[in-house]
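*Asks:* Please find one structure pasted underneath; my questions will follow.
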Amino acid sequence: MKDTTMLPLDRLRELLRELDDPDPEHREMPRDYDVPAARQRFRQFADAAERRFGPSVSAGMGQDSSFLGVVSVPGEATGTGRPLQMAISNFGPFVTARAGLPGLLDWKEGLDDEFVTWLDELCTELGCVYVPFELLMEPYDGPTPLGDDEADEAILAALAAASADEEEEEEDDLPPAWYDRYFQYM
C-alpha cells in the first residue's frame, strides 16, 4: 500500500475497543452522538464519492443500526467492473469499504492503493477514521452483547420449528466480528 495517513492496525483496534459501550442504550450510537453533524458528514462523504465516481453513485441512511449510511458505486463506475460499498459507522465515525457484492468472499479485490489513499484522505478531511474491512472481520471480543438475547432465541426457535419440515443446508454459525458491532443492523 502507498503512504497514507491510515492509522496502524494496533491503534485502530484500540479505537474500536475504546468506543465500544456495553450499555444496551448505546448499541446503535454513542452517548454524545450529534445527529445533525453526523448527517452533514455523511452528505459530504456521499458528495465526494459522486465527484469521484459520477452520478450513478447512490447513498442511503441506516436505521436501527450501528452504521449511519452506505454509499454504493456500481461496477461500471468503479473502473474495476466490481461494485463498491463504503459505509460510515455511527461510532468514531469509522468508515470502511469493500468491493464486490455482499456475501462474496473476494471482497478485497478492487480496492487498489489509489482508492484507499483517496478514501483515507477523505476520512481525514471529514474527521473520520478509515478501518480496513479485513480488520473488521476479526472476531469481536468487546463487551457489547451482539448475540441473540432470550427474545431472539424464542423467535429463532419458533422459526426453526415452523421450517423443520423443509430441508435446508445449515450454514456455519460464525462468531460476531467487529463489522457486526459497528456496521450492522441491531
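The values are calculated or read from the model by the stated rules, or taken from the named source; none is laboratory data. Note that the structure is predicted; figures quoted are calculated from it, not measured. We place every Cβ from the backbone using ideal geometry, glycine too, and count neighbours over all the protein chains shown. These area figures cover heavy atoms from the full protein model, side chains too; ligands, DNA and RNA do not enter into them. Shrake-Rupley method; radii C 1.70, N 1.55, O 1.52, S 1.80 Å.
*Asks:* Please identify the pairs in which a residue from segment 133-147 that is closer than 19 Å to D10 by Cβ has its Cβ atom under 9 Å from the Cβ atom of a residue that is open to solvent by 70 Å² or more (accessible area, probe 1.4 Å) and assigned to a helix (DSSP H, G or I), counting only partners at least 6 apart or on another chain.
*Replies:* Going by the 9 Å Cβ cut-off, the qualifying pairs are L135/L9; D141/R17; G142/R17.
*Asks:* Find the residue count for segment 134-176, including only residues that are modelled with pLDDT under 90 and not in a loop (DSSP other than H, G, I, E, B).
*Replies:* Qualifying residue count for the region: 14.
*Asks:* Taking the condition surrounded by 19 or more Cβ atoms within 10 Å (Cβ to Cβ), modelled with pLDDT of 95 or more and within 11 Å of the chain's Cα centre (by Cα), does S66 pass?
*Replies:* On the way: surrounded by 19 or more Cβ atoms within 10 Å (Cβ to Cβ): yes; modelled with pLDDT of 95 or more: no; within 11 Å of the chain's Cα centre (by Cα): yes.
Answer is no for this residue.
*Asks:* V116: within 17 Å of N90 (Cα to Cα) and not basic (K, R), yes or no? Outline the logic, then answer.
*Replies:* Working: within 17 Å of N90 (Cα to Cα): no; not basic (K, R): yes.
Answer is no for this residue.
*Asks:* Residue under question is R43, and the condition is that it be free of Cβ contacts under 8 Å to residues at least 60 places away in the same chain, open to solvent by 40 Å² or more (accessible area, probe 1.4 Å), out of contact with any Asp or Glu (no Cβ under 9 Å at 6 or more places or on another chain) and of a type outside the set (S, T, Y); does it hold?
*Replies:* Values: free of Cβ contacts under 8 Å to residues at least 60 places away in the same chain: yes; open to solvent by 40 Å² or more (accessible area, probe 1.4 Å): yes; out of contact with any Asp or Glu (no Cβ under 9 Å at 6 or more places or on another chain): yes; of a type outside the set (S, T, Y): yes.
Here the answer is yes, as R43 does meet what is asked.
*Asks:* With the requirement that a residue be free of Cβ contacts under 8 Å to residues at least 40 places away in the same chain and open to solvent by less than 30 Å² (accessible area, probe 1.4 Å), what does segment 54-63 give you?
*Replies:* If the condition is that a residue be free of Cβ contacts under 8 Å to residues at least 40 places away in the same chain and open to solvent by less than 30 Å² (accessible area, probe 1.4 Å), then G54, V57 are the ones that fit.
*Asks:* Out of all the residues in segment 123-137, which are open to solvent by 60 Å² or more (accessible area, probe 1.4 Å) and closer than 16 Å to Q184 by Cα? Quick ask: steps written out before the conclusion?
*Replies:* Taking segment 123-137 as the starting set, the residues that turn out to be open to solvent by 60 Å² or more (accessible area, probe 1.4 Å) are 124-125, 134, 137.
Selection gives E134, M137.
*Asks:* From (1) open to solvent by 50 Å² or more (accessible area, probe 1.4 Å); (2) closer than 17 Å to Q184 by Cα, pick out the condition that doesn't hold for D10.
*Replies:* With (1) open to solvent by 50 Å² or more (accessible area, probe 1.4 Å); (2) closer than 17 Å to Q184 by Cα applied to D10, the lone miss is (2).
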